């Protein structure tokens with residue numbers, strides 16, 4: 001371990017709160033080369049794949065990274081936009097809107113940046129950028145509403161791995177889930193109602209599709225399955241749905257071992273086989289649309305349902321940069337930053353600048369260089 005030599009402590013700086021939003025990530029381009037680099041980082045994370053490293057290294061480099069990058073590149077090409085990765089483009093918009101809104105809600109100096117757990121922009125770059133900009137208090141918000149060791153805990157690992165090399169540590173808070181936050185639940189329910197109003201109909205079945213994890217992880221204590229169930233139940237209650245009108249399903253399984261069930265694709269086959277003609281799907285675990293929602297759900301799973309006799313399939317988009325979603329995240333951030341100087345009613349940026357300048361002058365007189 002090498003402790004940073006950066007002079008990250010200054011006397012009398014204009015202190016700020018730094019907010020780092022973190023999402024999963026995306027390859028830099030929809031090409032096999034970029035996918036190989038991205039998947040190598042993603043799938044090597046021991047939080048994601050809990051297999052002894054020596055064995056997994058052989059499987060990953062001997063088989064998966066030889067074939068999967070080319071296959072995944074074709075899928076990414078189906079959703080790639082002029083702005084690049086949909087996930088990253090939306091995340092950037094979210095950060096800009098959240099910073100603008102927080103500056104209205106909180107009188108203090110607030111900086112908001114976005115990072116990806118895998119790929120670019122990296123967590124390391126995000127943290128160092130906030131530090132350079134004067135952030136002396138950090139709030140980390142992983143954009144995973146439902147906690148899982150494979151996602152939220154992995155973000156914590158990456159953040160602390162960077163911070164352990166800093167000589168001067170900031171105050172830090174970490175939001176580990178918001179799966180039952182009332183604002184989040186209301187935003188999901190309203191999103192669904194807007195789509196039903198636009199279509200002038202309700203589906204026979206509403207599916208809440210969440211990204212899967214190996215069942216073994218849940219059995220070993222990961223609360224993710226329970227968080228997903230609670231999110232869906234609270235939204236269904238808000239919509240006054242009866243039990244037969246909605247279901248929780250899990251998508252994106254990988255490998256041969258059993259993952260959380262029921263599986264999304266299998267459920268769609270069963271529904272079509274049983275005569276269900278209309279299905280809507282929403283993916284509450286994704287704060288921004290990405291490959292798993294735009295391609296896997298809205299393309300692949302749509303084809304599965306329609307090809308087996310289904311007639312109407314509607315994907316209800318993620319909350320993305322919807323104004324209500326932005327407000328939910330701002331309120332969440334404000335709640336978790338409560339008590340920090342910048343959030344207090346009497347905090348005055350102008351007065352703080354004056355006091356900071358006085359502190360700096362005194363320190364320099366006593367021999368400080370900065």
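The values are calculated or read from the model by the stated rules, or taken from the named source; none is laboratory data. Fair warning: this is a prediction, and the values are worked out from it, not measured in the lab. Here the Cβ is made from the backbone with ideal geometry for all residues, glycine too, and neighbour counts use every protein chain on show.
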Can you find a residue that is closer than 30 Å to residue 341 by Cα, touching a strand residue (DSSP E or B) at 6+ places or on another chain (Cβ under 6 Å) and touching a residue at least 24 places away in the same chain (Cβ under 8 Å) anywhere in the stretch 78-94? yes
Kindly evaluate residue 306 against the criterion of being farther than 20 Å from residue 177 by Cβ and more than 23 Å from the chain's Cα centre (by Cα). yes
Given the criteria within 28 Å of residue 284 (Cβ to Cβ), touching a helix residue (DSSP H, G or I) at 6+ places or on another chain (Cβ under 8 Å) and not in a strand (DSSP E or B), does residue 140 qualify? no
Can you confirm whether residue 227 is within 18 Å of the chain's Cα centre (by Cα) and either within 26 Å of residue 326 (Cα to Cα) or modelled with pLDDT under 95 (or both)? yes
Can you list residue pairs whose Cβ atoms sit under 9 Å apart, with the first residue in the stretch 45-73 being modelled with pLDDT of 95 or more and the second being exposed (fewer than 12 other Cβ atoms within 10 Å of the Cβ)? Count only pairs 6 or more apart in sequence or on different chains. 46/53; 49/255; 50/220
Quick one: which residue in 207, 241 is in a loop (DSSP other than H, G, I, E, B) and touching a strand residue (DSSP E or B) at 6+ places or on another chain (Cβ under 9 Å)? 241
Hey, among the residues in the stretch 171-203 that are part of a loop (DSSP other than H, G, I, E, B) and out of contact with any helix residue (DSSP H, G or I) (no Cβ under 7 Å at 6 or more places or on another chain), which one's modelled with the highest pLDDT? 203
Odd one out for residue 131, checked against (1) touching a helix residue (DSSP H, G or I) at 6+ places or on another chain (Cβ under 9 Å); (2) buried (at least 17 other Cβ atoms within 10 Å of the Cβ): (1)
How about the stretch 209-227: which of its residues are surrounded by fewer than 17 Cβ atoms within 10 Å (Cβ to Cβ) and free of Cβ contacts under 8 Å to residues at least 40 places away in the same chain? 219, 220, 221, 226
Test residue 297 against the stated conditions and say whether it is part of a helix (DSSP H, G or I), modelled with pLDDT of 95 or more and under 25 Å from the mean Cα position of the chain (by Cα). yes
For residue 252, state whether it is under 14 Å from residue 145 (Cα atoms) and under 19 Å from the mean Cα position of the chain (by Cα). no
Taking the stretch 255-270 on its own, how many of its residues are buried (at least 19 other Cβ atoms within 10 Å of the Cβ), over 21 Å from residue 294 (Cβ atoms) and more than 23 Å from the chain's Cα centre (by Cα)? 0
Go through the stretch 317-329 and report how many residues are crowded, with 23+ Cβ neighbours inside 10 Å and closer than 19 Å to residue 298 by Cα. 2
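Inside the stretch 109-124, can you point out the residues that are assigned to a loop (DSSP other than H, G, I, E, B) and either within 15 Å of residue 288 (Cβ to Cβ) or in contact with a helix residue (DSSP H, G or I) (Cβ under 8 Å, 6 or more places away or on another chain) (or both)?
Of everything in the stretch 109-124, those that are assigned to a loop (DSSP other than H, G, I, E, B) and either within 15 Å of residue 288 (Cβ to Cβ) or in contact with a helix residue (DSSP H, G or I) (Cβ under 8 Å, 6 or more places away or on another chain) (or both) turn out to be 109, 121.
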Residue among 97, 111, 87, 58 that is closer than 30 Å to residue 216 by Cα and buried (at least 18 other Cβ atoms within 10 Å of the Cβ): 87
The stretch 143-170, residues that are assigned to a loop (DSSP other than H, G, I, E, B) and closer than 21 Å to residue 17 by Cα: 143, 164, 165, 166, 167, 168, 169, 170
Kindly indicate whether any position in the stretch 17-25 is in a strand (DSSP E or B), farther than 23 Å from residue 149 by Cα and either touching a residue at least 12 places away in the same chain (Cβ under 8 Å) or touching a strand residue (DSSP E or B) at 6+ places or on another chain (Cβ under 8 Å) (or both). yes
